[in-house]
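The values are calculated or read from the model by the stated rules, or taken from the named source; none is laboratory data. Since we're looking at a predicted model, the values are computed, not measured. Ideal geometry is used to build each Cβ from the backbone, glycine not excepted, and the neighbour counts take in all protein chains shown. The accessibility values were calculated without ligands, DNA or RNA, using every heavy atom of the protein model including side chains. Shrake-Rupley method; radii C 1.70, N 1.55, O 1.52, S 1.80 Å.
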Amino acid sequence: MKITEAWIYVIKMPLKSPFSTSLSKVTEREGIIIKVRDEEGTIGLGEAVAFSTPWYTEETVKTVFHMLKDILLPLILHQPINDPSEVSKRFDMIRGNQMAKAGIETAIWDLYAKQQKKPLWDLIGGVREHVPAGVVVGSQDPIEAIENISMYLQEGYKRVKVKIKPENDYYLLKEIRKHYPELDLMADANSAYSLKDVEILKSLDEFNLLMIEQPLGIDDIVEHSILQKEIKTPICLDESIVSLQDAKSAIYLKSCGVINIKIGRVGGLWNAIQMHDLCVENNIKVWCGGMIEFGISKAHNIALATKSGFTIPGDISSSSRYWEEDIITPEIKVHNGGIKAPSDYGIGYELNQRRLKEVTIFEEKYD
Ligand SMILES: O=C(O)CCC(=O)c1ccccc1C(=O)O
Ligand SMILES: [Mg+2]
């Protein structure tokens with residue numbers, strides 16, 4: 001295939017309600033949508049999931065824009081490409097910038113699947129036509145969190161994640177467990193603890209959490225291995241795993257029982273699939289993480305989560321979880337506790353041109 005034209009859309013949309021982590025409060029989301037077109041006019045769509053500021057990883061909307069325009073697009077525009085894994089390998093010569101790479105690589109996957117006349121999930125060897133959905137509670141206030149959980153359970157979500165930090169962990173989880181003793185519940189610390197907090201972290205074992213996500217340093221793998229020996233709750237790594245090598249190190253050191261795979265954080269769908277395969281071989285559980293993203297990224301997540309190893313419901317929610325109106329059509333909808341893998345070719349969702357126009361703050365074409 002040959003990509004002859006590409007478009008970048010920088011978009012901005014308010015969240016329906018604020019989302020708090022131990023590090024940041026998100027009220028409005030900027031994003032980047034990437035569209036590529038081949039010689040025949042077939043289109044591929046991707047999304048780069050970096051935030052406006054570098055609170056989760058070092059990338060931002062502006063660094064992604066620079067990387068796409070000045071470095072990554074020139075590596076693929078008008079160049080022959082056999083299949084998307086080749087794009088991933090070509091990008092290996094550029095250090096870091098995983099979300100920028102993933103944004104364009106996923107667009108090429110969508111295009112490639114359409115050329116092959118297959119749904120993307122089928123093309124990548126997915127086995128599940130109904131992807132179980134999980135949801136993240138946006139508030140750390142126990143009363144609000146419990147209200148939210150009750151609403152989400154009514155909507156059919158199968159697993160709930162709450163954000164914790166040292167000022168708000170034991171009591172929050174205790175209150176939730178009082179109301180929902182059997183709920184598939186997990187906690188994400190976004191790196192809010194250190195090894196000094198081992199006693200607090202041990203005390204959370206009593207809540208029978210599915211896992212605790214990223215308790216320690218964002219770039220740590222060694223201390224998580226020390227912590228895992230002290231606590232019963234399986235550790236899930238998120239921020240620490242940005243490459244296949246990181247996953248290998250975590251497996252070798254027994255730093256976690258679970259890895260949250262995010263296509264953006266690991267630099268693309270090809271890398272995400274390699275990480276999935278490595279984890280399955282080594283009995284590490286995986287699930288698909290979320291980035292408060294728009295529908296294009298959600299659609300790629302759904303395709304990835306059809307792979308056999310994704311046995312735990314991911315942070316995969318309806319378009320309406322965060323947005324009044326998403327930029328895709330149809331919108332993503334949780335039904336019977338999950339999302340149906342689409343039967344249309346590629347990601348199986350199209351841009352809602354009217355909505356995209358409404359939320360676009362900048363666009364540029366490259367050819
Ligand atoms: O609902 C979602 O999209 C995921 C929410 C979430 O936990 C998250 C959102 C943005 C950045 C990092 C994380 C995380 O998993 O740590
Ligand atoms: Mg996380």
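Residue by residue, here is whether (1) over 21 Å from the mean Cα position of the chain (by Cα); (2) within 13 Å of ligand 1 (Cβ to nearest atom) holds:
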| site | (1), (2) |
| --- | --- |
| K25 | no, yes |
| I32 | no, no |
| P54 | no, yes |
| P74 | yes, no |
The condition from (1) within 16 Å of ligand 2 (Cβ to nearest atom); (2) over 10 Å from the mean Cα position of the chain (by Cα); (3) part of a helix (DSSP H, G or I) that S297 misses is numbered (2)
For the structure I just gave you, tell me whether L210 is outside the structural domain of L23 (by TED's automatic domain parsing), under 21 Å from V334 (Cβ atoms) and open to solvent by 50 Å² or more (accessible area, probe 1.4 Å). yes
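When you scan the range 37-45, do you find a residue that is modelled with pLDDT of 95 or more and within 25 Å of L244 (Cα to Cα), even just one?
Restricting attention to the range 37-45, the residues satisfying the condition of being modelled with pLDDT of 95 or more are 37-45.
Adding the requirement that they be within 25 Å of L244 (Cα to Cα) leaves 45.
Among the residues of the range 37-45, at least one is modelled with pLDDT of 95 or more and within 25 Å of L244 (Cα to Cα), which makes the answer yes.
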The range 315-332 - residue that is touching a helix residue (DSSP H, G or I) at 6+ places or on another chain (Cβ under 7 Å) and over 23 Å from L68 (Cα atoms) and, of those, nearest to ligand 2 (Cβ to nearest atom): I316
In this structure, does L227 turn out to be among the hydrophobic types (A, V, I, L, M, F, W, C) and within 27 Å of K158 (Cα to Cα)? no
Using the structure shown, decide if Y193 is within 16 Å of ligand 1 (Cβ to nearest atom) and within 24 Å of I339 (Cα to Cα). no
Among (1) surrounded by fewer than 23 Cβ atoms within 10 Å (Cβ to Cβ); (2) under 20 Å from the mean Cα position of the chain (by Cα); (3) not β-branched (V, I, T), L45 falls short only on (1)
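Quick one: in the range 320-342, which of the residues that are open to solvent by 90 Å² or more (accessible area, probe 1.4 Å) and not in a strand (DSSP E or B) is farthest from I8 (Cα to Cα)?
Let us first name the residues in the range 320-342 that are open to solvent by 90 Å² or more (accessible area, probe 1.4 Å), namely 324, 333, 335-336, 340.
Add one more test, that the residue is not in a strand (DSSP E or B), and what stays is 324, 333, 336.
Working: E324: 23, K333: 26, N336: 35 Å.
For the range 320-342, the residue satisfying everything is N336.
Residue-wise test of (1) touching a residue at least 60 places away in the same chain (Cβ under 8 Å); (2) assigned to a loop (DSSP other than H, G, I, E, B); (3) within 16 Å of ligand 1 (Cβ to nearest atom).
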{"residue": "Y171", "(1), (2), (3)": "no, no, no"}
{"residue": "R177", "(1), (2), (3)": "no, no, no"}
{"residue": "L183", "(1), (2), (3)": "no, yes, no"}
{"residue": "M186", "(1), (2), (3)": "no, no, yes"}
{"residue": "L204", "(1), (2), (3)": "no, no, no"}
{"residue": "L209", "(1), (2), (3)": "no, yes, yes"}
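Among the helices (runs of 4 or more DSSP H) contained in the range 1-111, which hold 2 or more residues that are of a type in the set (D, E, K, R)? Break it down stepwise before answering.
Numbers: elements: 61-66, 73-76, 84-91.
The qualifying helices (runs of 4 or more DSSP H) are 84-91.
Restricting attention to the range 241-262, does a residue exist that is away from ligand 2 (no atom under 16 Å from the Cβ), on the phi > 0 side of the Ramachandran plot and within 14 Å of the chain's Cα centre (by Cα)?
Step one: filter the range 241-262 for residues away from ligand 2 (no atom under 16 Å from the Cβ), giving 243-245, 248-249, 251-254.
Now narrow it down to the ones that are on the phi > 0 side of the Ramachandran plot: 254.
Filter once more, so that each one left must be within 14 Å of the chain's Cα centre (by Cα): none.
Looking through the range 241-262, none of the residues is away from ligand 2 (no atom under 16 Å from the Cβ), on the phi > 0 side of the Ramachandran plot and within 14 Å of the chain's Cα centre (by Cα).
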Checking R354 against (1) open to solvent by 20 Å² or more (accessible area, probe 1.4 Å); (2) in contact with a strand residue (DSSP E or B) (Cβ under 8 Å, 6 or more places away or on another chain); (3) more than 16 Å from ligand 1 (Cβ to nearest atom), which test does it fail? (2)
Go through (1) of a type in the set (A, V, I, L, M); (2) under 29 Å from E167 (Cβ atoms); (3) within 16 Å of ligand 2 (Cβ to nearest atom) and name the single condition L195 misses. (3)
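In this structure, does I104 turn out to be buried (at least 23 other Cβ atoms within 10 Å of the Cβ), out of contact with any Leu (no Cβ under 6 Å at 6 or more places or on another chain) and touching a residue at least 40 places away in the same chain (Cβ under 8 Å)?
On the way: buried (at least 23 other Cβ atoms within 10 Å of the Cβ): yes; out of contact with any Leu (no Cβ under 6 Å at 6 or more places or on another chain): no; touching a residue at least 40 places away in the same chain (Cβ under 8 Å): yes.
No.
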